[in-house]
Amino acid sequence: MTKNPYVVFVHLGERIPKHALANFNSIKNEFADISFWVITDSLRISRKLQKLGLQTFYVNNHQINEEFYDQNLSHPKEFRGKFWYRTIQRFDAIASFQEVHKKPVIHLENDIWIAKDFPFKKFDELKGSIAFPLLNKSEGVASILFLRSEESSKQLVQLVHQLVQKDSSNTDMSILGQIAISGLMNFSSLPTLPPNQIKEIRETIFSENFEIFNGCFDAASYGVYYLGTDPRNARGISHLYTLRKEHNLPFGISDIIYIAETSSIRITALEFEYSLFCLHNHSKNAKIWGKHRERYLNSHLKVKEEGYSKTRKIYFLILLYGISKYVSRRFQKYLVDPLKSVLNIRVAQ
């Protein structure tokens, strides 16, 4: 019998968001037969999670190549605690984990909700040494990332380093996209669309391996459409039910439903029914991991009708936080900094 791979989350940084904690606890309680780990570079967070009964794996700055990425990436470091750096460094963190545990891993992003029928054991049937879903023809997403072995993760890190040195503006998504189409790794695509949605040969990659899983994974398209965008990106406003040209969402969805008895999602599109094994919860709304999940999902998973107008949700705490940050920056720029300048001049005199 095929054994389940280890399931890993990577959290880098000193602050752990509420939605991540809700997700970790949910998986611990709902997937008792799964061995899952949180990889972190914070000893404080590691101790906190261990007290909650979670397994952790600590990585230091050297293991996640902090100095290398600081020197070779050009993203703004002040953005959300080096967000763009952390999303790439997690590949190094996973490689450090596999170097010790030497077992296949499925990496989940901390805003991924997984259904009870998530096919953990099926990943072993893939031909590739690395697998993930594609958002579009040029971007991959580590929402679900399968690495078969220690050698696979080492090869991934080597390619990441080469691509970062070649182009400092690379992101984790552009890097995965290049790996998917380059042939430099033995890549298997995780299906995001059922076969009946594919109209052109070059698009078959989006339904590749559907016959193994009999269902699809969410790179981002399903979660962004039904649950909303990240409200931090628009001053507390989350946009829902909006088709995005860079996303692949099935045509002709006539039914999408959360089945509480099995904690799973079924979709019917162009008269073809299939499972959706996960949702990428960009909105970070923790209700999807709470006791009111059924109510929350059933209020969001609906087929958009003509004239349906509920396309925005306001997160007031995030809105207020954004306003406070804006006021603080203006206060710093127009009052504190000029006052410091005047005082420095007087001291010099």
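Listed here are the residues, each with its yes/no results for (1) in contact with a strand residue (DSSP E or B) (Cβ under 8 Å, 6 or more places away or on another chain); (2) at pLDDT 95 or above; (3) among the charged types (D, E, K, R).
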position: PHE24; (1), (2), (3): yes, yes, no
position: ILE34; (1), (2), (3): yes, no, no
position: ILE39; (1), (2), (3): yes, yes, no
position: SER46; (1), (2), (3): yes, yes, no
position: LEU52; (1), (2), (3): no, no, no
position: PHE68; (1), (2), (3): no, yes, no
Looking at segment 22-38, which of its residues are not polar (S, T, N, Q) and not in a strand (DSSP E or B)?
ALA22, PHE24, ILE27, LYS28, GLU30, PHE31, ALA32, ASP33, ILE34
Look at ILE318 and say whether it is over 24 Å from TYR258 (Cβ atoms), surrounded by 15 or more Cβ atoms within 10 Å (Cβ to Cβ) and either within 25 Å of the chain's Cα centre (by Cα) or modelled with pLDDT under 95 (or both).
yes
Working only within segment 75-123, note down all residues that are at pLDDT below 95 and of a type in the set (Asp, Glu).
GLU78
I'd like the residue in segment 125-146 that is modelled with pLDDT of 95 or more and more than 16 Å from the chain's Cα centre (by Cα) and, out of all such residues, is surrounded by the fewest Cβ atoms within 10 Å (Cβ to Cβ).
LYS127
If I go through segment 201-233 residue by residue, how many of them are of a type in the set (Phe, Trp, Tyr) and in a strand (DSSP E or B)?
0
Just checking, which of SER169, SER138, SER149, SER174 is small (Gly, Ala, Ser) and within 28 Å of HIS101 (Cβ to Cβ)?
SER149
For GLU246, work out the one condition from (1) within 18 Å of the chain's Cα centre (by Cα); (2) assigned to a loop (DSSP other than H, G, I, E, B); (3) surrounded by 15 or more Cβ atoms within 10 Å (Cβ to Cβ) it doesn't fulfil.
(3)
Taking the stated definitions as given, is SER152 out of contact with any strand residue (DSSP E or B) (no Cβ under 6 Å at 6 or more places or on another chain), more than 20 Å from ASP33 (Cα to Cα), of a type in the set (S, T, N, Q) and surrounded by fewer than 23 Cβ atoms within 10 Å (Cβ to Cβ)?
no
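The values are calculated or read from the model by the stated rules, or taken from the named source; none is laboratory data. Model, not experiment: these values are computed from the prediction. All Cβ positions, even for glycine, are placed from backbone atoms using ideal geometry, and neighbour counts span all protein chains on display.
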